[in-house]
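First comes the structure, then the notes that go with it.
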Amino acid sequence: MSFIRDCWYCAGWSAGFGQALETRRMLGEDLVLFRGEDGRLRALEDTCPHRFLPLSMGRLVGNTVQCGYHGMTFDGSGACVRVPGQTNVPASARVRSYPVEERSGIVWVWMGDPARADTAKIFDLPEMHDPAWAMHHGDALDIRANYMAVAENLCDPAHVSFVHPTTLGNAASEDVPVETRREQGPTGEVIVTWRWIRDGEPIGFFKRFGGFTGHVDRWHYYYMHCPNIAAIDFGSAPTEAALPEGERNRGVRIWALHFLTPVDADRTVDYWMHIRNAATDVAGVEEQMDAMFRTAFDEDKEILEAVQARETALAARPGGAPRPLRIAIDLGPNLYRKAIDRLAAAEAAAGPG
Amino acid sequence: MSFIRDCWYCAGWSAGFGQALETRRMLGEDLVLFRGEDGRLRALEDTCPHRFLPLSMGRLVGNTVQCGYHGMTFDGSGACVRVPGQTNVPASARVRSYPVEERSGIVWVWMGDPARADTAKIFDLPEMHDPAWAMHHGDALDIRANYMAVAENLCDPAHVSFVHPTTLGNAASEDVPVETRREQGPTGEVIVTWRWIRDGEPIGFFKRFGGFTGHVDRWHYYYMHCPNIAAIDFGSAPTEAALPEGERNRGVRIWALHFLTPVDADRTVDYWMHIRNAATDVAGVEEQMDAMFRTAFDEDKEILEAVQARETALAARPGGAPRPLRIAIDLGPNLYRKAIDRLAAAEAAAGPG
Amino acid sequence: MSFIRDCWYCAGWSAGFGQALETRRMLGEDLVLFRGEDGRLRALEDTCPHRFLPLSMGRLVGNTVQCGYHGMTFDGSGACVRVPGQTNVPASARVRSYPVEERSGIVWVWMGDPARADTAKIFDLPEMHDPAWAMHHGDALDIRANYMAVAENLCDPAHVSFVHPTTLGNAASEDVPVETRREQGPTGEVIVTWRWIRDGEPIGFFKRFGGFTGHVDRWHYYYMHCPNIAAIDFGSAPTEAALPEGERNRGVRIWALHFLTPVDADRTVDYWMHIRNAATDVAGVEEQMDAMFRTAFDEDKEILEAVQARETALAARPGGAPRPLRIAIDLGPNLYRKAIDRLAAAEAAAGPG
């Protein structure tokens, strides 16, 4: 397993970065992020090249960071600008810097070759800029599981019936098959998995936020932007409206966004937020939605961590882990794995940059 | 070190298994046990073959268990009986099932080849069925030590003088040699180690439960049924009775049973219970005995875990652990190790089944 | 990385050893130390050769230690003097014993070949025996870092400006270069690193204990007695006194002693104490100094542990840890590393003894 490095990864929300040293571990690397006195956000390798103390244990000085051991100081490009006790600064005294961009209140870090960083590849959704929709930055979920297992869960509308029976799923959908297709998006390949559950009891989420009383048609569209972003379009409309696929905006519709950032091989942070076309100006609704999302995502976390732990235990047995059984709903996850293989091969061919 | 698999291992007391999913890790394998609505106990591998979620995180449905991730459902034979979202069930969709038997309120699981499971090899003791004796199911002791070290401690009457000075031993026995013999029992080889401490102060246990005031003759017979069961016959009688070996029932006599179940190479559960010929109908005596046994067995646990930790540390040193010194009392443990070697060789010759 | 074994290592203060079994892990070995009923201190390998139970879990019997499992008993030479249950004692029944010496209230253990133990090599300082000076045994600091990293920190007066800004350093010294020399002491090679900060604000320590109000000349001399002892001479005098280097006793002067004892490759205990020429008979001053030293040494501990953790993480990356950048202040640490290499090579040539 290797990470896809030539990619923008979410490091949190803009509001979370003030004039302070923040740390993130991403793709097995330790970063220190800081907003300088000029307001600009910078990201450096969080290791002083002298004694390897994390720079985040030092202090922010203007637009630079000063090491807490011997005072070596680095600017946002990673260049050393001061070595106390000597007048010359060795040319080799520098740390790696990472391209950082902020868009729609989201902080993105390019983890690959800086020369290949392309801001056109930053994730965007028209609804983020549409005044008819409300956007709310949610929270971060720390999951002790490999990012691909987390991503596969986001190519898999079938799990909601069993994992989220009180919030995002219910028994009505247990036996409804999942449809799957691939498409090309601006940031690369997208795996789409979806299904409509027609004429059923509304799920907990829409009972609460849609005000539905009778039966509804409900949809779940999972757009997995490989390798790291899931945009989930889900919603409901009264069954009597007989809503066609293309007119989902007439129903109560929500985009739940998941930005996956691998921490290590067995740990992933899922930064999640939402955009909605209903109750856009109702006070308190965002906190209530966050609470319901938290309930549901904690259910995912419990499942994913248990799977990771069991896989690790099985792999340690003589002979290793067995091959997993594949069933009909696995088409999306299978396509995702293949897409990752292609991305990894392309990166290997491109070289480290 | 390998486990002896063709053997019935204790998984607990019958009373501990209701209509719920219970987990046990035994011999490095994870099991889910459940009593179906028909009252019968079943044991399956605790891993869904699809995504490897522990089945124990799902739910009991009648006589089957339903996975908590995508609803795949398995019966007690390990066969899959439902895959939500599709009508066919792949023939390869099954999990391993384990033979389970209940006898005298004890749950036994056969960990080896099911074709070789033989209920005639389940441990039994005539006193379990004798109305003159009282049987009491005790508790489980979780020990961070290899099962062989725990078993050796149960071929070793000498340790009680130093490890259990207030309960099961005292200074009177410090220098009394231990006798040792091998015999063949219905479940296989038995290592017997024993000694009589004649004309001495009673130990704490019999001061409390035997009502002795003067000197007693005391015996400890440890019957180690290889590989996993120790039946310890210990008791006392007034010294003036001059009790011969064959008439121990005339004294106050207790069978302390230890059913050892390896969890992993460095962890063992000791399910312990007792049968006694005295105070058979005194209210509260079983709780009092449990309390005294707990004191003593916690002393064993402390010693065994310290030994395991030290062995592990020594093995990590360059050159590895030294050879342990052997002294006179080690004859029983030595015979036990050889018996285990023979069992392991026999299993290797028989193949995995 | 290997330890230097032919060396006296501190195991604590004499006052800390009564008639009880004390444990120490030193250079990857587990020791039990005990003061016998004759008042003499003994050090043995803390492992019974029979079942490997730590002897420290047994009990002190006169001048011997009795194992808590089967009662095997060992004297201070490591010889077994009793095996309960048998009359003969096998000649091979013995544990390793370590030479122990007590000097000036400090307990020293020789970890190498006992035949090479030379009490003339025990660390001493004339001020320890001078009535004009007060000696105070401090405490022990447990640091999760390799002893060489701890020692390098004690060849490095430059770090105090950034790590200890409120106690042992301040901004006045940030850019003052460090001087370095090697000398030969009675226990071996000594790396000396030092600097004078002339005409500056007094540091917190001397504001508190020197009563200075105006500018001072301040010195820090770090004498690193390879491999394991740092004697730090630091002090201050009013700038108008224009104190020459050789007359430091006219100022307020303190020897802070650090006796480093490696526990394992990634853990070190720093036993620290001090000797002072000021406030020698002021009540409570030692507790106040201890408190200030604790503040400062906890700052070192935080830095050293973070460096160790980061080094370990870097070493685990593909390609391993990068080469650390070297700057001007690293001359002392570099000389220390070379001295350790020479000591290790000499020991390898001398053989295990």
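The values are calculated or read from the model by the stated rules, or taken from the named source; none is laboratory data. Predicted model, so just to flag it, every value in this text is computed and none were measured. Glycine gets a Cβ as well: all are built from the backbone with ideal geometry, and neighbour counts include every protein chain shown. Ligands, DNA and RNA are excluded from the accessible area calculation, which covers all protein heavy atoms including side chains. Shrake-Rupley method; radii C 1.70, N 1.55, O 1.52, S 1.80 Å.
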Against the conditions (1) of a type outside the set (S, T, N, Q); (2) more than 14 Å from chain A (Cβ to nearest Cβ); (3) closer than 29 Å to B:Cys48 by Cβ, where does B:Phe123 fall short? Just the number, please. (3)
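Could you list, in sequence order, all residues of region A:295-305 that are in contact with a helix residue (DSSP H, G or I) (Cβ under 7 Å, 6 or more places away or on another chain) and either open to solvent by 30 Å² or more (accessible area, probe 1.4 Å) or outside the structural domain of A:Val269 (by TED's automatic domain parsing) (or both)?
Step one: filter region A:295-305 for residues in contact with a helix residue (DSSP H, G or I) (Cβ under 7 Å, 6 or more places away or on another chain), giving A:299-300, A:303-304.
A:Glu299, the sole residue that qualifies.
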Considering region C:1-32 alone, what residues qualify as being open to solvent by 20 Å² or more (accessible area, probe 1.4 Å), in contact with a helix residue (DSSP H, G or I) (Cβ under 8 Å, 6 or more places away or on another chain) and assigned to a strand (DSSP E or B)? C:Glu22, C:Thr23, C:Asp30
For region C:278-294, indicate whether the set of residues that are in contact with a helix residue (DSSP H, G or I) (Cβ under 6 Å, 6 or more places away or on another chain) and modelled with pLDDT of 95 or more is non-empty. no
Checked pairs for region C:79-107, first at positive phi, second charged (D, E, K, R) and in a loop (DSSP other than H, G, I, E, B), C-beta under 8 Å and 6 or more apart or across chains, list as C:Gly85/B:Glu174; C:Gly85/B:Asp175; C:Ser104/C:Asp124
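Yes or no: C:Thr280 farther than 20 Å from C:Leu154 by Cβ and β-branched (Val, Ile, Thr)? Give the steps one after another, and end with the answer.
On the way: farther than 20 Å from C:Leu154 by Cβ: yes; β-branched (Val, Ile, Thr): yes.
Taking the combined requirement at face value, the residue satisfies it.
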Complete set of residues in region C:33-51 that are facing chain B (nearest Cβ under 7 Å) and crowded, with 23+ Cβ neighbours inside 10 Å: C:Thr47, C:Pro49, C:Arg51
Consider B:Asp281 against the criteria (1) open to solvent by 20 Å² or more (accessible area, probe 1.4 Å); (2) away from chain C (no Cβ under 14 Å); (3) under 18 Å from the mean Cα position of the chain (by Cα): it satisfies all of them except one. Which criterion is unmet? (3)
All conditions in (1) among the hydroxyl-bearing types (Ser, Thr, Tyr); (2) farther than 17 Å from A:Cys10 by Cα; (3) within 23 Å of the chain's Cα centre (by Cα) are true of A:Tyr271 except (2)
Quick one: count up the residues across region C:61-79 that are touching a Phe, Trp or Tyr at 6+ places or on another chain (Cβ under 9 Å) and surrounded by 18 or more Cβ atoms within 10 Å (Cβ to Cβ). 9
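I'd like the full set of residues that are among the hydrophobic types (A, V, I, L, M, F, W, C), within 11 Å of chain C (Cβ to nearest Cβ) and within 16 Å of A:Thr23 (Cα to Cα), limited to region A:60-79.
Taking region A:60-79 as the starting set, the residues that turn out to be among the hydrophobic types (A, V, I, L, M, F, W, C) are A:60-61, A:65, A:67, A:72, A:74, A:79.
Of the ones still in play, those that are also within 11 Å of chain C (Cβ to nearest Cβ) are A:67, A:72.
Passing the criteria: only A:Cys67.
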Consider A:Phe17 against the criteria (1) at pLDDT 95 or above; (2) in contact with a His (Cβ under 9 Å, 6 or more places away or on another chain): it satisfies all of them except one. Which criterion is unmet? (2)
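Within region C:163-177, work out how many residues are closer than 26 Å to A:Thr87 by Cβ and over 23 Å from the mean Cα position of the chain (by Cα). Give the derivation first.
Filtering region C:163-177 down to residues closer than 26 Å to A:Thr87 by Cβ leaves C:163-165, C:168-177.
Narrowing the set further to residues that are over 23 Å from the mean Cα position of the chain (by Cα) leaves C:165, C:170-177.
Number satisfying all stated conditions: 9.
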Is it the case that region B:148-156 has a residue that's crowded, with 18+ Cβ neighbours inside 10 Å, at the interface with another protein chain (Cβ under 10 Å from one of its Cβ atoms), under 22 Å from the mean Cα position of the chain (by Cα) and polar (S, T, N, Q)? yes
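Looking at C:Arg250, C:Arg326 in this structure, which one is free of Cβ contacts under 8 Å to residues at least 24 places away in the same chain, among the basic types (Lys, Arg), within 14 Å of chain A (Cβ to nearest Cβ) and open to solvent by 40 Å² or more (accessible area, probe 1.4 Å)?
Working: C:Arg250 fails: within 14 Å of chain A (Cβ to nearest Cβ).
Going through C:Arg250, C:Arg326 in turn, just one is free of Cβ contacts under 8 Å to residues at least 24 places away in the same chain, among the basic types (Lys, Arg), within 14 Å of chain A (Cβ to nearest Cβ) and open to solvent by 40 Å² or more (accessible area, probe 1.4 Å): C:Arg326.
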Given the condition open to solvent by less than 10 Å² (accessible area, probe 1.4 Å), at pLDDT below 95, within 17 Å of C:Trp255 (Cβ to Cβ) and within 13 Å of chain A (Cβ to nearest Cβ), answer yes or no: does some residue in region C:196-204 qualify? no
Which residues, taken from region A:159-193, are away from every other protein chain (no Cβ under 14 Å), polar (S, T, N, Q) and over 21 Å from A:Arg294 (Cα atoms)? A:Gln184, A:Thr187
Give me the pairs: first residue in region B:10-33 and under 18 Å from B:Asp266 (Cα atoms), second residue of a type in the set (Ser, Thr, Tyr) and surrounded by fewer than 19 Cβ atoms within 10 Å (Cβ to Cβ), beta-carbon distance under 6 Å, and six or more apart or on different chains, which are they? none
Between a first residue in region B:287-315 that is facing chain C (nearest Cβ under 9 Å) and a second residue that is open to solvent by 50 Å² or more (accessible area, probe 1.4 Å) and in a helix (DSSP H, G or I), which pairs have beta carbons less than 9 Å apart while being 6 or more apart in sequence or on different chains? B:Glu302/C:Met57; B:Ile303/C:Met57; B:Ala306/C:Met57
Consider C:Glu311 carefully, then state whether it is farther than 20 Å from C:Pro165 by Cα, buried (at least 17 other Cβ atoms within 10 Å of the Cβ) and of a type in the set (Asp, Glu). yes
Single unsatisfied condition, A:Phe123 versus (1) closer than 30 Å to B:Ser56 by Cβ; (2) hydrophobic (A, V, I, L, M, F, W, C); (3) not in a helix (DSSP H, G or I): (1)
Complete set of residues in region A:80-116 that are open to solvent by 10 Å² or more (accessible area, probe 1.4 Å), more than 14 Å from chain C (Cβ to nearest Cβ) and not in a strand (DSSP E or B): A:Pro99, A:Ser104, A:Gly105, A:Asp113, A:Pro114, A:Ala115, A:Arg116
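Considering only region A:10-24, state which residues are hydroxyl-bearing (Ser, Thr, Tyr) and within 17 Å of A:Asp46 (Cβ to Cβ).
If we filter region A:10-24 for residues that are hydroxyl-bearing (Ser, Thr, Tyr), which is where we start, we get A:14, A:23.
Answer for region A:10-24, where residues must be hydroxyl-bearing (Ser, Thr, Tyr) and within 17 Å of A:Asp46 (Cβ to Cβ): just A:Thr23.
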Counted residues in region B:213-243 being touching a residue at least 40 places away in the same chain (Cβ under 8 Å) and open to solvent by 20 Å² or more (accessible area, probe 1.4 Å) come to 2
